[in-house]
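Only one structure is covered here, and it is reproduced in the block below.
Values in this text are rule-based calculations from the coordinates and carry no lab data. Keep in mind it's a predicted model, so treat the numbers as computed, not measured. So basically every Cβ, Gly included, is an ideal-geometry build from the backbone, and we count neighbours across all protein chains shown.
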């Protein structure tokens, strides 16, 4: 068995928005606007916590079967990556997610 963990931190990108904070609140809602610092012109810092757990279920000379479970953004924090970008518009990181993987090698 093995266990892994990690985190990602970003200090927040600068942004340029043509409207006011009230305009953004009307258009994007409280959850997104709360992650934006209009006074500094920067997105608030982002943080995600991730982990993975895996195990070899069966191992022989010819066959290896392993199982892996991953959890991403375990703190389930809304992270704004980009706000009002020239080419991409707004970018919101995915919320909490889980995945399972069963791998067979022969």
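Could I have the simple spin-label model distance between residue 69 and residue 9, label points 7 Å from Cα toward Cβ, reported in nm to one decimal?
2.8
Assuming R0 = 22 Å, can you tell me the calculated FRET efficiency for the pair residue 55 and residue 98, based on Cβ-Cβ distance, to the nearest 0.05?
The formula returns an efficiency of 0.85 here.
Can you tell me, using C-alpha contacts under 8 Å and at least 6 residues apart, the relative contact order of the chain as a whole percent?
Relative contact order here is 28 percent.
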